Amino acid sequence: MSAPDTYPSDTTLHFLRTAFPEEWRESPLGEAAVAAWEAENGVTLPEPYRTFVAEISNGSALGPAGDGGLQPLGVLPDGWPDLGPRRPGAPFPLDAAWNWEDDETVDPDGDPRTDAAYNDGSVVLGSEDGATYWLLVTTGPRRGEVWMAGDVGAAPAPGDVAWGFEEWVRHWHAGHEWWD
């Protein structure tokens, strides 16, 4: 496991509590349950997401992900592709956007590289438009960034300089379209 991040500021925690009204929050997991999940998956969750699921809310029907809100930790949204086991503690395989739809080296009948982009080194935050998923990278140089993965490829959101969990929530909470 990687070393824990710095505990989030009071300002960050206040914003996250405000962004997710209490009536829309699922019960937080608590420190012990988060630590057990991390031990089982061989990874320490990036802050402030870690504190969010431990102390504020483990998912919310209201949230940045368009289809169903923010997923609880370890829960996959409806329609998640069955590409093998999730491995949040494995190395995240990408360091830049990859449009595999246009990559002639990709095996259209199943490519372990695309499977790894979905399954390795991330947690699933939710779904957008059915076949596109928000991922929070949990390992490697892109740790703490929010990415999108879909049937055509995977990319940091909104671009090469990706949002972290707080920035992703702030963008949604301000009412902006995703690519504004």
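The values are calculated or read from the model by the stated rules, or taken from the named source; none is laboratory data. The structure presented is a predicted model; accordingly, all values stated were derived computationally and were not measured. Note: ideal-geometry Cβ built from the backbone for every residue, glycine included; neighbour counts use all protein chains shown. When the accessible area is computed, the model is the full protein with side chains, heavy atoms only, and any ligands, DNA or RNA have been set aside. Shrake-Rupley method; radii C 1.70, N 1.55, O 1.52, S 1.80 Å.
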Q. By how many degrees, between 0 and 90 and to the nearest 10, does the Cα long axis of helix 10-19 differ from the longest principal axis of the chain?
A. 80
Q. Heavy-atom accessible area per residue, the range 21-180, 1.4 Å probe: how many Å²?
A. 46
**Q.** Cα-centred dipole magnitude for the chain, charges only on beta-carbon of K, R (+1) and D, E (-1), debye, nearest 20
**A.** 700
Q: Note down the nm distance, to one decimal, between modelled labels 7 Å out along Cα→Cβ at LEU62 and at GLU104.
A: 5.1
**Q.** Per-residue ³J(HN,Hα) for the range 159-171, Karplus 6.51 cos²θ - 1.76 cosθ + 1.60, θ = phi - 60°, Hz, x for Gly and Pro
**A.** x, 4, 9, 7, 6, x, 4, 4, 5, 4, 5, 4, 4
Q.
Suppose a student asked you for the relative contact order of the chain, using Cα pairs under 8 Å spaced at least 6 residues apart; what percent would you report?
A. 20
**Q.** Fraction of accessible area attributable to carbon and sulfur, the range 75-180 (%, probe 1.4 Å)
**A.** 51
Q: May I ask for the angle, rounded to the nearest 10°, between helix 31-41 and the longest principal axis of the chain, with both axes built from Cα atoms and the value confined to 0 to 90°?
A: 10
Q | Additional length obtainable on full extension of the chain from GLU40 to VAL161, 0.36 nm per residue less Cα span | A | 40.5 nm
Q | Under the Karplus curve 6.51 cos²θ - 1.76 cosθ + 1.60, θ = phi - 60°, whole-Hz ³J(HN,Hα) for the range 94-100, x wherever Gly or Pro sits | A | 10, 10, 8, 4, 9, 8, 6
Q: May I ask you to derive the FRET efficiency for ASP10 and ARG113 from their Cβ-Cβ distance with R0 = 30 Å, giving the value to the nearest 0.05?
A: 0.10
Q.
Taking 25 °C and 0.890 mPa s as the conditions, I'd like the Stokes-Einstein D for the chain in µm²/s, using the Kirkwood hydrodynamic radius from alpha carbon pairs.
A. 150
Q.
At 222 nm, what value in deg cm²/dmol follows for the chain if DSSP H runs of at least 4 each add -39500 (n - 2.57) and the sum is divided by all its residues, to the nearest 500?
A. -6000 deg cm²/dmol
Q: Select from GLY140, ALA90, PRO21 the residue farthest towards the positive end of the dipole of the chain; place +1 on Cβ of Lys and Arg, -1 on Cβ of Asp and Glu, and compute about the Cα centre.
A: PRO21
